[in-house]
Amino acid sequence: MRLLLWRLLAVGGGIIGSASMPTTLQRVLSVVDKAQVLNHASFGVGFDLTASYGIAAVSFSNGTTVTLAKVSSDDGYDEVLQRLSLDSSRHLSPPYEHLFDSWDDMPRQLLRKARKAIGLPASHDVGLLAKMLSDLRSLVEEEIGKPVESAGVATLNLVALYPEDLQDAFEYVGLRYLTFPVRYGVLYETSAAYAGYKFGLCSDYTNRSACKNEQDDMPDDVVMAVLYTRTALTVSLSIMASAYYLWEPPYRHLLDFSLGYDARPVNVADDNYWDAVGLRLQQILIENPYYKRPAKVLLMGDCVRDKTFQRILKKALNQQMRELPEILDRGSEGVAAKGAAEFAKRIPYDPYRF
Ligand SMILES: *[C@@H]1O[C@H](CO)[C@@H](O)[C@H](O)[C@H]1NC(C)=O
Ligand SMILES: *[C@@H]1O[C@H](CO)[C@@H](O)[C@H](O)[C@H]1NC(C)=O
């Protein structure tokens with residue numbers, strides 16, 4: 001299935017807009033902005049909009065990638081993420097899958113347009129995401145002394161966060177929204193962190209054919225991604241095969257906004273919180289007993305270095321696996337932003353785009 005998808009993507013890249021392509025592929029390809037391709041930038045900017053903070057990284061053409069700015073969330077930002085994580089927040093959004101969807105979505109679209117026409121963000125939620133983007137951009141511009149015109153963004157895997165929301169947030173702050181040929185239309189943190197930890201991207205991205213061959217030949221890699229910040233714990237068990245390819249369905253992915261670092265007990269003897277964290281870390285492995293165990297654990301977020309957390313994580317993994325997988329935590333705070341920056345830098349040479 002994966003090979004077929006990539007083959008179609010590769011072919012589809014040359015015939016963007018063809019009516020014969022299946023809908024899922026159109027979903028991937030319709031967000032491609034050709035103008036991005038023509039702008040050969042010497043650096044890529046990536047943001048990560050994660051729980052409790054946003055962070056920005058820059059990847060330079062000489063291979064250096066650095067995180068440059070971190071912004072703690074304001075009131076309302078985390079609530080937006082929580083709301084967008086709920087099934088009940090899902091709604092129709094382009095690209096539409098059924099004939100009458102665009103008709104049914106019209107009232108919402110009209111409201112978006114009306115708000116934009118009077119200079120408001122397309123929705124309240126978009127406004128809060130835009131504020132974070134704007135703060136991050138200002139800090140990056142200060143650091144590198146150059147205007148930032150475009151960026152890529154990584155986000156939590158949120159069921160009700162649509163490409164349209166990110167597009168609107170970028171538009172509101174006057175930034176070009178870079179999209180990537182990834183399965184979900186949105187660059188989820190697992191993909192971005194995988195790239196940020198230097199996996200799944202070809203070595204010489206400027207040689208398009210060699211890069212494509214290298215990407216196509218990358219073997220499947222089962223990874224567990226764990227985000228731990230002041231306000232959230234998320235866990236996923238996913239297949240990666242190149243950083244562009246992520247398969248992370250809802251039943252192998254969970255978000256818990258009640259088990260963030262800030263919720264830990266003052267009294268260390270009170271074990272309820274850490275027991276709950278331990279269970280969450282094992283939950284997906286327990287619920288998917290026949291699924292391959294992870295070869296890597298990608299840690300993300302600014303609280304994963306906590307000693308108790310590390311101990312609980314290892315204990316949880318030991319209970320579910322004979323051997324501990326490789327646990328990556330270096331620069332976990334900005335690793336997804338770094339990955340997004342790396343994706344952004346590679347856009348002009350994207351092997352799947354032509
Ligand atoms: C790469 O370029 C950046 C920005 O010009 C610079 O800060 C960094 O030191 C360079 N890295 C190397 C290894 O030359
Ligand atoms: C790109 O890679 C291919 C295959 O590895 C090689 O034959 C070709 O010479 C490379 N092109 C450039 C411009 O380096």
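Just so it is clear, none of the values below were taken in a lab; they were calculated from the coordinates. Please read these numbers as outputs of a predicted model, since none were measured by experiment. A quick note on method: Cβ atoms are made from the backbone with ideal geometry, for glycine too, and the neighbour counts reach across all protein chains shown.
Structure notes:
- Counting only cysteine Cβ atoms and a cutoff under 4.7 Å, the chain contains unmatched residues CYS303.
- Applying a DSSP loop filter and a limit of 16 other Cβ atoms within 10 Å to the GluC sites (Glu not before Pro) in segment 246-354 leaves GLU323.
- With contributions of -39500 (n - 2.57) from each DSSP H run of at least four residues, the per-residue ellipticity at 222 nm computed over the chain stands at -11500 deg cm²/dmol.
- Among beta bridges that DSSP assigns inside segment 215-328, antiparallel share in %, nearest 5: 65 percent
- Net charge contributed by nearby residues that have their C-beta within less than 11 Å of ALA169 (K/R +1, D/E -1): -4
- 10 Å beta-carbon shell around SER332, net charge (K/R +1, D/E -1): -1
- The loop-placed chymotrypsin sites (Phe, Trp or Tyr not before Pro) in segment 261-313, going by DSSP, that have at most 10 neighbouring Cβ atoms within 10 Å of their Cβ come out as TYR290.
- Using Cβ point charges alone (K and R +1, D and E -1), the dipole size of the chain about the Cα centre works out to roughly 640 debye.
- Over the chain, relative contact order from alpha-carbon pairs under 8 Å, at least 6 apart, %: 24 percent
- Computed from the C-beta positions of ARG83 and VAL266 and an R0 of 22 Å, the FRET efficiency is 0.15 to the nearest 0.05.
- Sequence-separation-based contact order of segment 228-316, relative, with Cα cut under 8 Å and 6+ spacing, percent: 35 percent
- Taking other C-beta atoms within 10 angstrom as a stand-in for reagent exposure, SER59, SER203, SER73 fall in the order SER203, SER73, SER59, fewest first.
- Modelled FRET efficiency - R0 30 Å, ARG90 with ARG311, Cβ distances, 0.05 increments: 0.20
- Global geometry of the chain, whether rounded, prolate or oblate, following the gyration tensor of its Cα atoms and the 1.5 cut on a/c: rounded
- ALA295/ILE118 FRET efficiency (R0 45 Å; Cβ-Cβ; nearest 0.05): 0.30
- Bridge orientation summary for the chain: considering DSSP beta bridges with both residues in this region, about 65 percent are antiparallel.
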